[in-house]
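Encoded as structure tokens, the structure appears first; notes follow it.
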Amino acid sequence: MAEADILPITPDRLGLALRRHRRLGGLKQDHIAALLGVTQATVSRWERGTHQPDPRQSTRLSALLQAAADGEADRALRRLVETSTLSVHLVCDTSHRLLAASPRRFAEWRRDRDLVGSSLWPFATDAIRVAEAELIGLGWYEPGAAPVLTWTGAGNGRGIRILAGSMLWEHILLADGSSARLVTSLRERETRAFASRWRRTNVSYVAARSGRN
């Protein structure tokens, strides 16, 4: 797989995701350390972004942070996404692994349910990748993060079709404490409404900086 097809887990991004996971779950660093077989000081360095885990530790961290949405408590959420008339999908916020999608989204992608369980990052357009890189500065990894309105750009050469347009990214906390992202395409009228009031609401607006012409 090409390097561009791997979601970059930089030290600062990993540390922020781990800290968010802890804070939302009410967990202490020493609890995470015991789960991963490291010291509390190592967890602290990961969260500060001053130390990078080795490959084995990265695998265990990914398993800890990866959202699944496959338990009983999240069944209703998956059903709402899968039966929605909107163009919407749900992914793991850490790996972008697809958890659920609406029929309209699958039709838009020109793919079927074979994508469920796979990371969507290899299919991301340049505009999506730029917007992803801006999330740290927007406080996305803090509890209670504001939704993000962004521009997708068009893409049709990486295995799925992505239509150019606006998307709303919303952070969802799953029953097991892991983090997911709800991605909803907005119609032009809805986008204008968000764009006209984003400065006085809790919606972060990044479309103008993520590749829209």
Worksheet, complete the sentence: (1) under 11 Å from the mean Cα position of the chain (by Cα); (2) assigned to a loop (DSSP other than H, G, I, E, B) all hold for residue 139 apart from (1)
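Suppose we keep only residues that are among the hydroxyl-bearing types (Ser, Thr, Tyr) and in a loop (DSSP other than H, G, I, E, B) within region 48-94. Which one would you say is nearest to residue 20 (Cα to Cα)? Quick ask: steps written out before the conclusion?
From region 48-94, those among the hydroxyl-bearing types (Ser, Thr, Tyr) are 50, 58-59, 62, 83-85, 87, 94; that's our starting set.
Next cut, in a loop (DSSP other than H, G, I, E, B) only: 50, 84-85, 87, 94.
On the way: 50: 17, 84: 29, 85: 31, 87: 28, 94: 11 Å.
By that ranking, first place goes to 94.
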Worksheet item: Within the set of pairs 6 or more residues apart or between chains, which connect a residue that is touching a residue at least 40 places away in the same chain (Cβ under 8 Å) inside region 71-89 to a residue that is among the basic types (Lys, Arg) and outside any strand (DSSP E or B) with Cβ atoms less than 9 Å apart?
Response: 81/105; 86/104; 86/105; 87/104; 87/105; 88/104; 88/105; 89/105
Worksheet item: Quick one: would you say residue 44 is at pLDDT below 80 and of a type in the set (S, T, N, Q)?
Response: no
Worksheet item: Looking at region 119-166, which of its residues are hydrophobic (A, V, I, L, M, F, W, C), touching a His at 6+ places or on another chain (Cβ under 8 Å) and either surrounded by fewer than 14 Cβ atoms within 10 Å (Cβ to Cβ) or modelled with pLDDT of 85 or more (or both)?
Response: 120, 121, 124, 140
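Confirm whether residue 178 is modelled with pLDDT under 80, buried (at least 18 other Cβ atoms within 10 Å of the Cβ) and under 23 Å from residue 17 (Cα atoms).
On the way: modelled with pLDDT under 80: no; buried (at least 18 other Cβ atoms within 10 Å of the Cβ): yes; under 23 Å from residue 17 (Cα atoms): yes.
No: the conditions fail for residue 178.
For residue 99, are the conditions met, namely being under 13 Å from the mean Cα position of the chain (by Cα), buried (at least 16 other Cβ atoms within 10 Å of the Cβ) and either of a type in the set (Gly, Ala, Ser) or assigned to a loop (DSSP other than H, G, I, E, B) (or both)? Can you show your working first?
Numbers: under 13 Å from the mean Cα position of the chain (by Cα): yes; buried (at least 16 other Cβ atoms within 10 Å of the Cβ): yes; either of a type in the set (Gly, Ala, Ser) or assigned to a loop (DSSP other than H, G, I, E, B) (or both): no.
It is false that residue 99 is under 13 Å from the mean Cα position of the chain (by Cα), buried (at least 16 other Cβ atoms within 10 Å of the Cβ) and either of a type in the set (Gly, Ala, Ser) or assigned to a loop (DSSP other than H, G, I, E, B) (or both).
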Discussion item. If I filter region 142-168 down to residues being among the polar types (S, T, N, Q) and part of a loop (DSSP other than H, G, I, E, B), which single residue comes out as farthest from the chain's Cα centre (by Cα)?
Written reply: 156
Discussion item. Return the residues of region 16-41 that are among the small types (Gly, Ala, Ser) and in contact (Cβ under 8 Å) with a residue 60 or more places away in the chain; say none if nothing qualifies.
Written reply: 17, 25
Discussion item. Would you confirm whether or not region 102-117 contains a residue that is under 14 Å from the mean Cα position of the chain (by Cα), over 15 Å from residue 17 (Cβ atoms), among the aliphatic types (A, V, I, L, M) and not assigned by TED's automatic domain parsing to the domain that holds residue 21?
Written reply: no
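The values are calculated or read from the model by the stated rules, or taken from the named source; none is laboratory data. Computed from a predicted model, the values in this text were never measured in an experiment. Because the Cβ atoms are built from the backbone with ideal geometry, glycine has one as well, and the counts that use them run over all protein chains shown.
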